[in-house]
Structure formats: structure tokens, C-alpha cells
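The values are calculated or read from the model by the stated rules, or taken from the named source; none is laboratory data. It should be emphasised that the depicted structure is a prediction, and the values quoted were computed from it without experimental measurement. Heads up, the Cβs are rebuilt from the backbone with ideal geometry, glycines too, and the neighbour counts pull from every protein chain shown.
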Amino acid sequence: MQIADDLKSLEDRYQLQTYGKFPFFIDKGAGCYVYDEEGNKYLDFYGAHAVASTGHCHPHVVKAIQKQAAELIFYSNVSYNSARARAVKKLLEMAGEPYYQAFLVNSGSEANENALKLARAITGRKEIISFSGSFHGRSYGSLSSTGIPKYANYLNTPVPMHRILPAEAVAEAVSEETAAVLVEPIQSMGGMKEIPLDCLSQIQKECQQHGALLIFDEIQTGVARTGSFLYSGLVNIHPEMVTLAKGIASGFPAGALLVTKELAKNVKNGDLGSTFGGGPLACATMEATLEVIDKEQLIENASLMGDYLKENLSSIDGIEEVRGRGLLLGVKVREPKTAKELQTGLLKQRILAGSSMDPQVLRMMPPLIITRREADLFVEAVKAI
């Protein structure tokens, strides 16, 4: 115990204090569970913020990392690489039409930055429209598009020509000045709010009429989490660009920007670049992750388990609503109770869950491998609270 306390003090001393943390170490994980420094087991319905798509330390992913690390840890995009070739092929096959090519990066924020940059370069316009309540990342351009005041107000000089509007006002705001509309189709941090389908359809129509590009930020909704490989496929609205990260490589830093064939024709040598994006180790991990999602039918499982959780949680007294799709869910707690109280109660039962900017909404982003056993454990714990 003293060693753990000493290590906590060490981390607090040398790391900037920018994160709220669980009051224990997580040094080991397996499947849907993580373990603290004393060996206590926690059911992980937080999923390391929707990152642990295949669960913790999936054997196939671990083996792929070990194999690639022994062969080549890194070489940049100046060279062809077999791991990269296989990974992008698998990624685009699973994404399906109309997506034709990918640009590989290290994070969701970086994926969004490159999408915004590409939109402005291709259209020759500057204006970016995004939604109130959205979250797009921590780097300058993506943060300038973020519609959550806590984060947006941090910038005293945001990137110019970013407009943040309520969902219902976006479509009519699109004009010949608009380079792109950036959409987080389910606003996870904003309280797991899903943008209405008719709203998305109208925005796409206006973008097409005015020559603006549509970008879906699928950093949390993508890679099988909502019961479809892409949320855009689930609702049959296909933007010109889709950004991905989080669970794309089971926790190894990786992200991607997917573009249509028509858009790809406008991208020239040197338009985009990333030193570490598409590195061999990241790509081997990504390929292994996608193979697990495919072979273990985790897309179908996310849909099935999401429906099961929604049905069972919705029947509990004190739960006002269950939002979201698949295994990207928000539990809205009826007042006067709060999501924080529910999160604290779950932690006492050794279950991890996430908070949101809505004080009434608890977020659930568990590994896509959960079964009814884990779902029932979570439901029963919520009932007990």
C-alpha cells in the first residue's frame, strides 16, 4: 500500500495536474476487466473512454504487437510497409463504399484537424460549421469546432471562421462561404445526444446544393461501436469524410481520415503529413483489431448487447432515459439523483463508468466483447443503487 501511495505521489509530482483520476492504479487488464494495485477486479464499462474495443489485452492483438515489435517498430511513410498496406486495405473493406482511401494519424483530434484542413484546401473556402454540444478534440482547430463551453471557452483566440450553432440552425446556415459542416452524430461528451436523422439529411442536402463538404466525426461512433462499422452506414448518410480513432487499434495510438473516391482525386502529394501516423506497429495493431471485430462478430454483438442493456436499464426506477446506439450509451438519471452519484455507487461495487457534461447522464462505453453476464452485472448494480 505504501509503494502504491509513493507511486501516486510520484505521478502527481511529475505529471501536469490536468486529469481527474480514479483513486487507484490500473496496471493490468484482461477482457472486460481491469485490476488495481491490490488485485481487486473491476468490470470496465468505461472502456478507457471507448478505446478498449476488443477488450483488454486480446490475445490476437497482443500477438500481433509482439510479432511486429520484433520485426520493425517504426519507419515513416517515406517507405512502403507491408503492415500499413494490409491495415488500410482491411480498414477500407470494413468501412465499405463510398470510402476509397485513408490518411492514417495518431489520434482523433489529429484526424479532425486534417479533415478541416483538407476541406478548406479543396473548397477554397474558410468557414467551418459545427454543433453546440459537440466535442472534436483538444488541438487548436478541433477545439475551435467544439461546442461545449467548458472546452471552447479555454481558447481566448480560436481559429477564425468557425461557427458553432444549435443542431436545428445548421442546415439553413450552410452557404457558398461554407467549406464544411463537422458533425458528431452522437454527442457523447455532451450527454449522449443523437442528432435527429431528418436534421442530418437536411444538412447533407444543403451541403450538396452549396458545394460544402460534410464530415462525420466518428471517433466514438465508428469502428463497430454503434452496431455498424460506421454510424453513417447505420443511418445511410454518407459524408465525404469520416474521422476515426478510439477503438481502431485496441488502445494503441492510432486514427484515420476516410475519404470518398471523388474527394481523393483532389488530394495532392504533400497536402497532408504525419511523422508517426501509419507506423508499422500501429498498423499491425489496427489490422489485428479489425480482424477480431470481423471474426468475432463484434458489430452484431454491439447491436445485440446495446439493445439488451437499453431494455433492462429503461425499466429501472430512477432511470429517466437510455440514450445512444449499440455500446455507446448514456443513462439519464431522474432528478434529484445525479449521474455522479450513480458513478460513485458503481465504483463502490467495482464497476467503472464515465461521466458527461450533462450532470444527469452517465456514459457507458464497454468493450465490444461483453456478454449478457457482464450486462446483467451492470444492470443489477444500477438496480441496487
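Numerical summary
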{"item": "Some residue of region 137-146 being surrounded by 17 or more Cβ atoms within 10 Å (Cβ to Cβ), of a type outside the set (D, E, K, R) and touching a Pro at 6+ places or on another chain (Cβ under 7 Å)", "result": "yes"}
{"item": "Evaluation of Thr289 against (1) touching a Leu at 6+ places or on another chain (Cβ under 7 Å); (2) of a type in the set (S, T, N, Q); (3) buried (at least 23 other Cβ atoms within 10 Å of the Cβ) (one fails), failing number", "result": "(1)"}
{"item": "Pick from region 314-338, criterion within 17 Å of Met357 (Cα to Cα) and among the basic types (Lys, Arg), ranking: surrounded by the most Cβ atoms within 10 Å (Cβ to Cβ)", "result": "Arg323"}
{"item": "Lone unmet requirement of (1) over 22 Å from the mean Cα position of the chain (by Cα); (2) closer than 30 Å to Leu213 by Cα for Gly277", "result": "(1)"}
{"item": "Counted residues, region 130-150 - those being part of a helix (DSSP H, G or I) and either within 17 Å of the chain's Cα centre (by Cα) or under 24 Å from Val174 (Cβ atoms) (or both)", "result": "6"}
{"item": "Subset tally (residues that are in a loop (DSSP other than H, G, I, E, B), acidic (Asp, Glu) and closer than 21 Å to Leu377 by Cα) for region 267-323", "result": "1"}
{"item": "Qualifying helices (runs of 4 or more DSSP H) (wholly inside region 1-118; at least 2 residues being of a type outside the set (A, V, I, L, M, F, W, C) and closer than 18 Å to Arg350 by Cα)", "result": "47-50"}
{"item": "Every pair of residues 6+ apart whose Cβ atoms lie under 6 Å, when the first sits in region 285-302 and is closer than 13 Å to Gly247 by Cβ while the second is among the polar types (S, T, N, Q) and not in a helix (DSSP H, G or I)", "result": "Thr289/Thr54; Thr289/Ser250; Val292/Thr54"}
{"item": "Which listed residue is outside any strand (DSSP E or B) and over 22 Å from Val105 (Cα atoms), from Ala171, Ala224", "result": "Ala171"}
{"item": "Verdict on Ala169 being without any contact (Cβ under 8 Å) to a residue 24 or more places away in the chain and touching a Ser or Thr at 6+ places or on another chain (Cβ under 7 Å)", "result": "no"}
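Residue-wise test of (1) of a type outside the set (A, V, I, L, M); (2) surrounded by 15 or more Cβ atoms within 10 Å (Cβ to Cβ); (3) closer than 30 Å to Leu234 by Cα.
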position	(1), (2), (3)
Gln17	yes, no, no
Tyr35	yes, yes, no
Ala52	no, yes, yes
Asn81	yes, yes, no
Ala87	no, yes, yes
Pro98	yes, yes, yes
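Let's see how each residue does on (1) in the same structural domain as Thr178 (by TED's automatic domain parsing); (2) surrounded by fewer than 18 Cβ atoms within 10 Å (Cβ to Cβ); (3) touching an Asp or Glu at 6+ places or on another chain (Cβ under 8 Å):
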site: Gly227; (1), (2), (3): yes, no, yes
site: Met241; (1), (2), (3): yes, no, no
site: Leu244; (1), (2), (3): yes, no, yes
site: Gly247; (1), (2), (3): yes, no, no
site: Asn266; (1), (2), (3): yes, yes, no
